[in-house]
Amino acid sequence: MTYLPEKTCRTLELDKVLLKLSDEASMPDAKGAALNLLPVTSIFEVQTLLNQTNEAYQLAARYGGPQFGAHESMIASLSRAELGAVLSMGELLSIASFLVSVRKVSEWHQNGENTETPALLHLFSMLCPNKFLEDKISFSIQSPDTLYDNASATLADLRRKIKSKSNKIREDLDKIIHGPSARWLQDAIITQRDGRFVVPVKIEHRGEVKGIVHDTSSTGSTLFVEPMSVVETNNEIRVLELKEQEEIIRILSELSAAVSDFSDAIKQSYNAMVELNLIFAKVKLADKMGAVVPKLNDNGCVYLKRARHPLIPQKQVVPITVSLGKEFDTLIITGPNTGGKTVTLKTIGLLTLMTMCGLMIPVDESSEISVFSQIFADIGDEQSIAQNLSTFSSHMANIIQILSLCNDQSLVLFDELCAGTDPIEGAALAKSILIQLTEKRVKTVATTHYAELKAYALDTPRVENAACEFDIATLKPTYRLIIGTPGRSNAFAISRRLGLDESIISAAKSQISDDDLRFERVVASLESARQQAEEDRKIAADLRLELNRQKKTAEEKMHELSVKQDKIMSETREKARYIIEDAREKAAAMLNRMEDFHKQLKAENAAKMLESARADYKKTISSLEKAADPVVEKNVGQPLESPPSVGDTVLLSDFNREASVLAVDERGKRAQVLSGSMKLWVSFDSLRLSKKKANTSAQKTRRVTGLFSRAERNVKGEIDLRGMASDEAILEVDRYLDQAVLSGIETVHLIHGKGTGTLRKAIQAHLKKHRLVKSYRLGTFGEGESGVTVVSLAD
C-alpha cells in the first residue's frame, strides 16, 4: 500500500522546494507541472526520473542549457484550427514562434549527439521541427495586427492601389487647404473620419465648401466635411479596403488550414517541450543547490553525507551526515532546544521526497536514498480548535493513524514524541510506541528530551542514539549531528553560564535520582571520549593530507627529472647524428681524394691505400652510429658474487656512480657507501662490480656517456704535427706509429708542414733509425709535397 498524504509533503515543506523549481521553468505549463509534482513510490519510476535529470545535467554542463521560451499553451488554438476556424494573426505568430523554439531545441540536442542520453532520447525524438510552416507564417505575418504586403500578389496589388488613391486624395485636399478656400477652414489640415478623408470647416461657412459632413467637433464650431471632389475617390478606396480584408481572411484561412494539417505533430512537440522544460528546470535548481544524484534502493537504507537543507541559505546551513536502516531502524535524536533536531528531521524527510520527485539533492557523492511506499511526519503544533483537540490530543490522533498504516516499507518522523503531557506518562508512551515500530521494522526518526528514550536506545538492538552538538562555552548550538551518542539538555550548565544562583542549581541537582545522575555522567564521559577521538582523527587526517601532498610533490619532481633526462638524451642523440653526418662527408671526401690519387699515380700502393681507407670509413661510421645513442645499458656492471668488503670500490646501479664501501651489514644484506658527498645504505642487489675490479666486462657494458677510450678509437691514416716542438712531435710520432702497426695500416702520412724545414728534418732523422719504419719519402703532387712525409711501415 502506498500512502503519501499531501499533509506530509506540506509538513516537510516540499511545496516550498517545488515553488523554487517552478521559478526555474520558463513555460507556464511547465511551471504548473512543477508546482503539482508528486513523489512516486516505484523505484523503477524514480530511477527513470533521476536518469532524465542526470542526463540533462550532463548535457547542460557540456553544451549549456537549451532555450525553451515562455510559450503559452496553444492546444486550444490548434483544436479550433482542426475544426476549420480561422486563427488570428496573434495565434499564428505564437505557433510560428513555438516552432522556432522546437527547431532550436532539436538542433541543440543534435549538436550533443555524441553524449549518451537514453532516458531523454524519446522526449527529444517527439520534437517535430517544421521549417516549412514556420517560414510560411513568418513570411506572411508582420505583427499580431498586420500582414506583410508580399503575403500574396493580390494583397500587394490592392495595397498599392489604395496607396495611390490615398495620395491622389491628399493632392486634391492640399489644393483646398492651400487655395482660396483655406479661409473657410478651421485649420489647414487633412484628417480622417470613418476611414474617409475630410477637412475641418468652420460652422459659419458650411455652405462655402460643398461636400458630405461626417462629424462635428465637441464644441460644435467645426464640421468635418468630405469635399465632393474626393467623394468618388474615397468610395474607390473603401471598395479596395473591403477587397483587402477579404484577401487577408483568405490568407489567414490558408495558414490556419496548414496549421490544422500539422496540429497533431505540434501538440506532440508542445507536450515534449513542457516535459523537457521541467526536467531542465530541475537541472537549474540542482546547480544552484550544489546537488547530486543519490544512489537508490528500496530496502529502507538511507545514508546522507553532508546533507544540506535546501531551504536554508547555503552560507548559513550546517551539513549533517546521518544514516538509517542499515545498522539500526530507529534513530532517537536528543539535545537542547534550537539545537537543530527538527531541521535534521525535516532534512531526512524532505530530501527523500525530493528524490522521489526526480530531483537531485544537496548531498555529497556516495549518498544513498531509499524509496519508501509510505512516509509519515508528525511535526509542529497540531492543536485544532475546530475539532476541540489540544496539542497532545492532536499529536496522539496522528500517531494512532500512523501506527495503523505503517509497515516495514514506511518512513516515520516524530518531532518531540509524546510531548505536551505528564513527563513520566509521556516517556512511557513514547517508549512503547518506539518498541512497536521497531518490532515492525519501520524506519523511524524521533526527537525527544526524555532520558528514558536515551537509555532505551542504549539497551536495544536496531535502535541508536544521536545528539545535536551544543557548545557550552558559547551557549550556542553547532548544529552538528553526532551518531552513536545521546544528547544532553545542558540545562544546569546553561543556567550557570547565564548567572543563576549556584544554590538553586545545587538544590535542583539534589532532586534528581542517583540513577539519572549516573546516566548523565556516563553520557558526559562518552561525549568527552568522542571529542578526543574526533580531535585525534582530525590530526590523523591532516597528517594524511600532508603526506599525500609531499608524495604528490615528489612524484611531480620525479616526472620533471624524467622529462629533463629525456630532453637531454634527445639533444645528445641529435648532436651524435650531426657528428655522424659530418664524419660521412669527411670520409666520403677522403675516399674521393684517394680515388683521384689512384687514377693519377696508377700505383699498387695507392690501391691498397684506397681499400684501407674504405675499411676505415666503414669501421668509423659503424663506431659512430653505435655511439649515437649515448645510453647503451642502464644496469651497468656485473652483480656481486659475494658481499663486498670495507674499502671496496663498487658501482651503484641505480645511479651509475662509483662509491666506496664504508660498512657492511651481511644479515640485512646491505652496505653503507660513500659516493661523492652522499652517504647512504643500499642493498647488495643494487651494487655491481666496479670497472676497476671487472675489466673483462668493460667491453660488454659502456658508461652512460657512451664515450670510447683512446686505445679503442680507430687510427687514422695521417697525423697532423704542425705547431709542435721537435721533441713533442717525435714522441707523438712514436705513439702514433705503434697504434698504426697494431691497427694493420701499412702506409701513413706525417703532416709537418713546409715552414723552415726544421720539424721535417728532425722527424726524418728519427725515422731513419726507427724499428717500425720500412721506408719514407716526401709527398708527391696532391699528397702535400714537402709538407708531408709518407711512411711505409715494416711488416
### Task
Could I have the simple spin-label model distance between Val741 and Ala153, label points 7 Å from Cα toward Cβ, reported in nm to one decimal?
11.6
### Query
Given the protein chains as shown and a 1.4 Å probe, how many square angstrom of Leu35 are accessible, to the nearest 10?
90
### Query
In whole angstrom, how far apart do the alpha carbon centroids of the stretch 71-105 and the stretch 227-264 sit?
22
### Query
If you take the square roots of the eigenvalues of the alpha-carbon gyration tensor of the stretch 24-64 and sort them as a ≥ b ≥ c, do you get rounded (a/c under 1.5), prolate (a/b over b/c) or oblate?
oblate
### Query
Which length gain, in nm to one decimal place, applies between Lys104 and Glu246 when the Cα-Cα distance is subtracted from 0.36 nm times their residue separation?
47.6 nm
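Taking a ≥ b ≥ c as the square roots of the eigenvalues of the Cα gyration tensor of the stretch 414-465, is the shape rounded (a/c under 1.5), prolate (a/b larger than b/c) or oblate? Write out the running numbers ahead of the final one.
Details: a/c = 1.79, a/b = 1.50, b/c = 1.19.
The shape class here is prolate.
For Leu158, what is the net charge nearby, where nearby means another residue's Cβ is under 13 Å from its Cβ and Lys, Arg count +1, Asp, Glu -1? Show your work: numbers first, answer last.
Working: positive: Arg159, Arg160, Lys161, Lys163, Lys165, Arg238, Lys243, Arg250; negative: Asp149, Asp157, Glu236, Glu241, Glu244, Glu246, Glu247.
Value of the local net charge: +1.
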### Inter-label distance for Leu83 and Phe44, nm, one decimal - labels placed 7 Å from Cα along Cα-to-Cβ
4.0
### Task
Within 10 Å, count the other beta carbons around each residue, average over each peptide in 339-348, 271-280, 130-139, and list them highest first.
339-348, 271-280, 130-139
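Suppose R0 equals 45 Å; then what is the FRET efficiency for Lys161 and Ile75 from their Cβ-Cβ distance, rounded to the nearest 0.05?
Values: r = 40 Å, r/R0 = 0.90.
The computed FRET efficiency comes out at 0.65.
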### Message
Can you give me the solvent accessible area of Val322 with a 1.4 Å probe, rounded to the nearest 10 Å²?
### Response
0
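Multiplying the sequence separation of Asp172 and Asp795 by 0.36 nm and subtracting their Cα-Cα distance, what value in nm do you get?
Values: separation 623, 0.36 × 623 = 224.28 nm, distance 13.47 nm.
Gain in length upon complete extension: 210.8 nm.
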### Message
On a 1.4 Å probe surface of the protein chains, which of Thr758, Thr485, Thr146 comes out largest in accessible area, and what is the full order?
### Response
Thr758, Thr146, Thr485
### His178 accessible area, assembled protein chains, probe 1.4 Å, Å²
140
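Among the listed pairs Lys20/Lys538; Lys326/Lys346; Lys104/Lys315, give every one whose C-alpha distance is greater than 27 Å. Walk me through the numbers before you get to the answer.
Working: Lys20/Lys538 37 Å; Lys326/Lys346 20 Å; Lys104/Lys315 37 Å.
Cα-Cα > 27 Å for Lys20/Lys538; Lys104/Lys315; rest within.
Compute the FRET efficiency between Leu35 and Ile435 as 1/(1 + (r/R0)^6), taking r as their Cβ-Cβ distance and R0 = 41 Å, and round to the nearest 0.05.
Numbers: r = 40 Å, r/R0 = 0.98.
Between Leu35 and Ile435 the formula returns 0.55.
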### Query
Nearest 0.05, what FRET efficiency do Arg544 and Gln638 give at R0 = 45 Å with Cβ-Cβ as r?
0.55
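How much net charge surrounds Phe372 when only the other residues with a Cβ under 11 Å from the Cβ of Phe372 are counted, with Lys and Arg +1 and Asp and Glu -1? Don't jump to the answer; show the numbers that get you there.
Working: positive: Lys443; negative: Asp298, Asp408.
Cβ neighbours under 11 Å give a net charge of -1.
Between Ser562 and Ile312, 0.36 nm times their residue separation minus their Cα-Cα distance comes to what? Walk me through the numbers before you get to the answer.
On the way: separation 250, 0.36 × 250 = 90.00 nm, distance 5.09 nm.
Full-extension gain reported as 84.9 nm.
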### Query
Sorted by accessible area with a 1.4 angstrom probe, largest first, how do Cys301, Cys468 fall?
Cys301, Cys468
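The values are calculated or read from the model by the stated rules, or taken from the named source; none is laboratory data. What you see is a predicted model; the values in this text were computed from it and never measured. We place every Cβ from the backbone using ideal geometry, glycine too, and count neighbours over all the protein chains shown. Ligands, DNA and RNA are stripped out before the accessible areas are found, and what is left, the full protein with its side chains, is counted by its heavy atoms. Shrake-Rupley method; radii C 1.70, N 1.55, O 1.52, S 1.80 Å.
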